[in-house]
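Notes to accompany the following structure.
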Amino acid sequence: MAEEFEPKIVAFLCKWCSSAGSDLAGVSRMEYPPNVVPIQVMCSGSVSPLYIFSAFNKGADGVLVSGCHPGDCHYIKGNYYARRRIHLVKKLLEFVGLEPERFQMSWVSAAEGTKYTQVIKEFVKELKPLGPQIKLRRNS
Amino acid sequence: MKRTGVFICHCGINIAGTVDVKEVARELAKHPGVVHAEDYVYMCSDPGQNLIIQAIKEKNLDNVVVACCSPTLHETTFRNTSKAGGLNIFCCEIANIREQCSWVHKDKSKATQKATKITKSAVEKVRRNESLEAISVPVTRRALVVGGGIAGIQAALDLGNSGFEVILVEKTPSIGGHMIQLSETFPTLDCSQCILTPKMVEVSKHPMVKLMTYSEVQDVSGYVGNFKVKILKKPTYVDPDKCNLCDECTKVCPIVVPNEFELGLTGRRAIYIPFPQAIPASYTLDIKACPGLMPIACGKCADVCDVKAIDYDMKPQIIEEEVGAIILATGYDLYDKANMAEYGYGKYADVLDGLQFERLCSASGPTNGQILRPSDHKEPKEVVFIQCSGSRDPENHCAYCSKICCMYTAKHAMLYKHHVHDGQAYIFYIDIRSGGKGYEEFVQRAVEEDGVLYLRGKVSKVFEDREKLKVWGVDTLTGKHIEITADMVVLAQAMRPAEGAQELAKKLKMAMDKDGFLAEAHPKLRPVESVTSGMFLAGAAQAPKDIPEAVAQASGAAAKAVTILSQERLHHSPTVAKVLSNLCTGCGMCLQVCPYEAIALKDGKVEVNEVLCEGCGTCSATCLRAAIQVRNLTLHQVHEMINACLGG
Amino acid sequence: MEKILEKRSLQSWVKKLDSWTIYAPRKDENGRWNYGIVQSDSVGLDFTVTTLPPKPLIFPQREVFLEFLKTAGENQETLEVKEVLPGEKPAVILGVRPCDARAISFLDQVFSGDFVDPYYWARRKKTILVGLACLTPPWENCFCLSAEGSPHSEDGLDILLTDLGDRYFVKTLTESGDRLVNEAKALFKEPRPEDKKKVKAVHAQAEQKIVRAIKGAKKDVAAKLKGMFNSPLWDEESMSCIRCGICTYLCPSCHCFDINDEVDSASPLRGKRVRTWDNCQFPDFTMHSSGHNPRPDKASRLRQRIFHKFQYFVEIYDETMCTGCGRCISLCPVGIDIINVLHKVNDHGS
Amino acid sequence: MAKIEDLKEEARKLLREGKIKYVIGYAGASNGWMACPIFIKKPEDVEKLVWDPTCVHNLSRFLVDEKRRKEREKQPDKRPVGVFVKGCDSRAIVVLLQEKFIERNDVYILGISCENGGVVDEHRLAGKLEGKKPKKVEVGNKGQFVVTTADGKAEFPVEELLAERCLECRASFPVISDILSGEKLKRTVEKPFGSVEKMEGMPKEEKWRFWKEQIDKCIRCYACRSVCPMCYCDECVVDSINLAVSADTTAEEKADKVKWIQRSAESSENFIYHFVRAIHLAGRCIDCGECKRSCPLDIPIRFLNKKLEKEAKELFGYDVGFDPAQPSLISSFRDDDPEDFIR
């Protein structure tokens, strides 16, 4: 039997909210699929579109950007810039026919371990039927 | 290639129970540049830390990755371990394989793979970290407080009492702010002037406080710990050292203009003392009202002054000061009655605002504490108080709640009843917000003891009708139209940021909220700090506040300022933005997104003020040219981390 | 040998060539021609000129030289290196314009000499070029005659076809050419004397139809250039240059390349060594690792293009590295015209 | 109607008085029927200037070169340069001003309104002429396009020959200029993003097939970014960053340069290049269409930029190139920016 497809996901988590929320999920021993490898950044506002394109280029099946809820940014307004920037990137990727499910953004606060778990579970679930992302992957 | 050592912690079975730590070590040993990889049961224990120190020395490691719990727990521990091994603290990175891996997964093989990727990602990062030392700058151990109201006075006193020099700048001729205009204060009904004047005297006599009234901050440059301030000292044309307060000058002055302190309820002369308890106790010649600063034009005041205190040649002065911290306590003004079309645009003499009513109640006020109608000096028998006048009205006025009006309106109605026993007070309200110690009881007292009639609803119109004021409104509880023929109407006008505060904020490059109040650095966790490092907020400049809140915030701001002033040097994280000036074109986009005003344009390129930068990196994601990047989390580092996370 | 092939037999001939991949010009939705793999029933030669010359079919934009894999054992590392030589099926390129074929003969010289480039030659030896003589200039900026070529040049070709209305006059030029004809011997007839006469006539007419020309012989240009390295001409002529790579990437004879390692994975270290085209018009072409760039502006880069083609190449190979195909003139987004530039070179100092 | 004679007179005067360094305009070309850029230093050469619907180039691109030139020179001539601009080109200047790349007095803007016209699309014209070569394209007295070929003159309604971006242009007149010829006609464009909407409507996989085929063609000649006035970076981020080198850069660091994409013109790498360019032009592209026109392989790059222009407008109410004082699209936000895509 063929092994079930396990999507590879890169998640850019802001240090103050989403990474802390992910830590909380750990402390609370919540369980979620191991498909996501997190990269901690200082702020969702620091996530360059280059990171997202590059992740797909290097074979990510999905990319997640997660930051503080509006109004909660440790750096006051970084997540507002992120929201605008990421929205544009998402629209661009969808315009050329990349599956919209592959690129997602979430607000996860430091108290939302449950939400983080939920976001990952749903993300993985949505990616599985799509199969590997080969459209933008190098050497595919 | 740099030599990296990788240390994988079992954390007992916390990690090792789900992650095959030996396998992670084997995989990492194959990673380019990794010359040492080992696992240990508790890396954070003394023996564990010794392993790291030993390996650094024996294997000549350039940097270290510890795969363990979240960096929030032991990053500092292991960075210090690396330091003990002779490495810079940034030569150590943490791979979080517990909270973000072993604790949340069950499948051992998959968790092991993920832990491997996380650890490799940390290796790629640490290899490209720069060795950095904390940024250190000297501190000018003095403070500036802007605004001489209760908040500013309190902040200045707290700072002075902590042993720091303070410059207290007030734009009007006297300190005291709005509090000195009030008659009594809620909920205790103690006399405002009685409790404030001692503080005014204290601050003016304080050896550490330099008081500068009739002065305005013109320009602030520099950064936390090292501000340079330019203060404009406006000429009063009266030498306070010579003036003996004989008051002869005002008697001869031919000019009468509305008295600001009495909110126009009376007049004053062109040369005046704002109020009897003014500090400094001295006269000011109002240049705008005076017919001309020369004997030919008038010169009567100078003629009559025996002590020759009046000096027409006094010039404005720019005084430069250096300070390490700044507290802004610029206060509030009331929303102009002229904006209230529905309440007669402020044109009816007997429609007053709350501060005017305070003056009517005040024993030192224009009526010596008698409540009389400004139009005919008769005692009003029916008074309507309208709450939320200009507040909570996003369509026409201010969207926010001015917070203190419920309380002071109750107080006004109460004071009115105390003065006019046979009068009737009506209060139109939307909601009664009486959160605060003793506040709800106070409102109840107004209703129960003083028979104040509360009417829930909005007033639609106020108009004059045969020397009376007709007030039309709706009682939303009964749904009935209400018409009251009143002798006086008092509007609880919304609180606005003080006039000129926004211009000042712009000069100081301080953020403001959408209503023009000064913005705090974080609404919950940093309520007294401004976004700009080294600048603090106190009082109603930040949002509508009552006296105890303003005082508490002022003390908080002073304590925050002391955290800076109490140090010889300020230390700041060195992981801040760095400009690659060859690539920078000076487009200024980074400057626009920086929340800390840490970036400035100079000669067509940007520069980062490392003390102000918090290293958030929003600039680096905005820059189209990768010309500004955060040290030790560069685009290149993230690129390599992405690659490692994807198994590349 | 010289033969006649009826036009209607062209597809039958191609059908016989099943041991080769057949490339021929195809038209896209915008009316541009480019080479692509074709099936015999869609082969036709009624094209003008292809946007990209046939160069990439022999000297591709990306060529993998070798693959490497470093694996770490318990105590030692092993590095595996595997050379990757082109292994594609032999190919026939149908419908090569004589200018483009001549350019390939330049590449042949460049990639031989002291170092014979195995990658280039692996493809080159397996590629048969079937040319089509131009009877009218395919576009307005052709100048092959003055670039020492001709609309019916045979350089670099294995077969030259000349369109005689309902038939092609087929002239084989190499053994490979002969072989290709022999694959379908029956389709080829002996030419009649009037066919031969007609070929000569149409060839002569074709030469008359070429309007554009570089005045001056290659030796004169080369000599002139020698003294013009510091001339202000380059600055003036490059004013409108936008530093794109069209003139060089689309040139049939430009052949500069770069070699890079493309790393697919860091652990284990795995990747490829790859040759890609490079372009003297790009600012980073000469960028030193110090950040210094000896050709810092577009003037120096335009100068390089002209010098390489009309001076350096002439010195080494006694040929100008330009066959007059006109691509760089027609496709330049800002109308830089190499003929004009060369005329200004010729007029320089006189 | 726009008359170039007025502008020529102005240019001549400015050159004669030495008020400007040179004029960037359009002239007839030697390589075909389209106009080409010309740089005029002498007043007597002003005669060479032309204005017709083949003046496609966005000449503001050359302000970038002028800036580089000045930076290289030890004692640069700091006089302004004159530049002819259409509506779209003028908006490029607005963005350059907005990003402080140039200063207002670096440039003397000679504006020409396209009014109800615009520039011709080569491919559409070729389609109309069925193999005949155009020699000249002019605007007729009724605003129609008059095309001269070897067979004589033929007339076409403007809409039939205009470039698609001209048909979608909402401001066909210069929004900033020192002298303006022609009228500031307000055009009503029914579907300013019609071409993009058509593509948006395609099913996902069809979109992908379309773009894959297009992007596969790319040979990375970089004409798109080279011709673009907004691509003024000295070094593009997708290239290995050489200019970041300083005196303290070690050999190891040099060897360890970030490589966002490989040099190989492969599909995946080409995509990243075009994505990066598109996202970097978001809120900056003024749709002069030069990237599409210059592409030797006819990749419709313009759609990527137009798509983001559409999103900027519809999601964030952002108009490009009208106000040099407004903050850039990505360095600003509104509290109520849409976030329905966020979990």
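The values are calculated or read from the model by the stated rules, or taken from the named source; none is laboratory data. As the structure is a computational prediction, the values presented were derived from the model and not from experiment. All Cβ positions, glycine included, derive from the backbone under ideal geometry; neighbour counts span all protein chains shown. When the accessible area is computed, the model is the full protein with side chains, heavy atoms only, and any ligands, DNA or RNA have been set aside. Shrake-Rupley method; radii C 1.70, N 1.55, O 1.52, S 1.80 Å.
Quick notes
- Calculated from backbone phi, Karplus (6.51, -1.76, 1.60) coupling profile of segment B:209-216 in Hz, x at Gly/Pro: 9, 9, 8, 10, 8, 6, 9, 9
- Pairs of lysine residues in segment B:402-494 - Cα separation under 28 Å, sequence separation of 8 or more or cross-chain: 27
- Computed [θ] at 222 nm, helices only, for chain C once each DSSP H run of length n ≥ 4 contributes -39500 (n - 2.57): -8000 deg cm²/dmol
- Bridgeable lysines around B:Lys108 (alpha carbons under 27 Å apart, same-chain partners fewer than 8 residues away excluded): A:Lys8, A:Lys15, A:Lys58, A:Lys115, A:Lys121, A:Lys125, A:Lys128, B:Lys22, B:Lys30, B:Lys117, B:Lys120, B:Lys125.
- Using alpha-carbon coordinates, inclination of helix B:150-161 to the longest axis of chain B, degrees: 60 degrees
- For A:Glu99, nonlocal amide neighbours, meaning residues 5 or more places apart or on other chains whose placed amide H falls under 5 Å from its own, do not occur.
- Most mobile listed residue (D:Gly87, D:Gly127, D:Gly321) in chain D, GNM with C-alpha springs under 10 Å: D:Gly127
- Per-residue [θ]222 nm for chain A (sum of -39500 (n - 2.57) over DSSP H runs n ≥ 4, rounded to 500): -12000 deg cm²/dmol
- Under the Debye formula (equal points on every Cα, no solvent term), log10 I(q)/I(0) of the protein assembly as shown at q = 0.05 Å⁻¹: -0.54
- Mean separation of Cα contacts under 8 Å, 6 or more apart, over the residue count of segment B:130-193: relative contact order %: 29 percent
- Using a cutoff of 8 angstrom between alpha carbon atoms and counting only pairs six or more residues apart, the relative contact order for segment C:73-191 works out to 26 percent.
- Cα gyration tensor, segment D:79-220 - rounded (a/c under 1.5), prolate or oblate: oblate
- Build a GNM of chain D with springs between Cα atoms under 10 Å apart, and of D:Ala251, D:Ala278, D:Ala29 the one that fluctuates most is D:Ala251.
- Here chain B carries DSSP beta bridges of which approximately 55% are antiparallel, counting only pairs with both residues inside.
- Greater than 26 Å apart at Cα, pairs in B:Lys59/C:Lys272; A:Lys135/B:Lys578; D:Lys153/D:Lys191; D:Lys86/D:Lys306; C:Lys55/C:Lys196; C:Lys198/D:Lys128: B:Lys59/C:Lys272; A:Lys135/B:Lys578; D:Lys153/D:Lys191; C:Lys55/C:Lys196; C:Lys198/D:Lys128
- Helix axis angle, B:71-84 relative to chain B longest principal axis, alpha carbon, degrees: 60 degrees
- Applying the criteria of a DSSP loop state and at most 15 other Cβ atoms within 10 Å to the GluC sites (Glu not before Pro) of segment B:58-139 yields B:Glu130, B:Glu133.
- Sum of -39500 (n - 2.57) over DSSP H runs of 4+, divided by residues of chain B (222 nm, nearest 500): -8000 deg cm²/dmol
- B:Val201 paired with C:Asp166, simple spin-label distance in nm, labels 7 Å along Cα-to-beta-carbon: 12.7 nm
- The calculated FRET efficiency for the pair D:Asp337 and B:Thr72, based on their C-beta separation and a Förster distance of 35 Å, comes to about 0.70.
- Cleavage-rule hits, trypsin sites (Lys or Arg not before Pro), segment B:264-329, DSSP coil, Cβ neighbours within 10 Å at most 10: B:Lys288, B:Lys308
- Scaled radius of gyration (Cα, divided by 2.2 N^0.38 Å) that segment B:508-577 gives: 1.19
- Computed over chain D with a Gaussian network model linking Cα atoms closer than 10 Å, the most mobile of D:Glu71, D:Glu115, D:Glu252 is D:Glu252.
- When A:Met42, C:Met1, B:Met212 are compared by accessible surface with a 1.4 Å probe, the order from highest to lowest is C:Met1, A:Met42, B:Met212.
- Using alpha-carbon coordinates, inclination of helix B:108-127 to the longest axis of chain B, degrees: 70 degrees
- Figure legend: label point modelled 7 angstrom from the Cα of C:Ser290 along Cα→Cβ; residues of segment D:244-262 with amide N under 15 Å from it are D:245-251.
- Annotation: average projected area of segment A:3-85 is 6.0 square nanometres, based on the convex hull of Cα atoms across all directions.
- Atom-type composition of the exposed protein surface of the protein assembly as shown places 51 percent of the accessible area on carbon and sulfur (1.4 angstrom probe).
- For chain A: rounded, prolate or oblate by the Cα gyration tensor [a/c cutoff 1.5]: oblate
- Residues in segment D:262-290 occluded by at least 50 Å² - accessible area, probe radius 1.4 Å, against chain by itself: D:Gln262, D:Arg263, D:Ser264, D:Glu266, D:Ser268, D:Ile272, D:Phe275, D:Ile279, D:His280
- Spatial separation of Cα centroids for segment D:219-279 and segment C:83-132, in angstrom: 31 Å
- Mean-position separation - Cα centroids, segment B:313-372 and segment C:1-61, in angstrom: 90 Å
- Distant-in-sequence amide H partners of B:Ile319 (H built 1.01 Å from N, under 5 Å): B:Ile231, B:Leu232, B:Lys233
- Over 46 Å [Cα-Cα, chain B], rounded percent: 38 percent
- In this simple spin-label approximation, B:Lys106 and B:Ser45 carry label points 7 Å from Cα along the Cα→Cβ vector, and these lie 3.0 nm apart.
- Loop-located GluC sites (Glu not before Pro) in segment C:77-129 whose Cβ has at most 16 other Cβ within 10 Å (DSSP): C:Glu88
- Remark: the C:Asp41-C:Ser112 segment gains 21.9 nm on full extension, using 0.36 nm per residue and subtracting the alpha carbon distance.
- Using a cutoff of 8 angstrom between alpha carbon atoms and counting only pairs six or more residues apart, the relative contact order for chain B works out to 13 percent.
- Neighbour count of at most 13 Cβ within 10 Å plus DSSP loop: longest trypsin sites (Lys or Arg not before Pro)-free window in chain C: C:216-350
- Whole-Hz ³J(HN,Hα) from phi, Karplus 6.51 cos²θ - 1.76 cosθ + 1.60, for segment A:28-38, glycine and proline x: 7, 6, 6, 10, 8, x, x, 6, 9, 9, x
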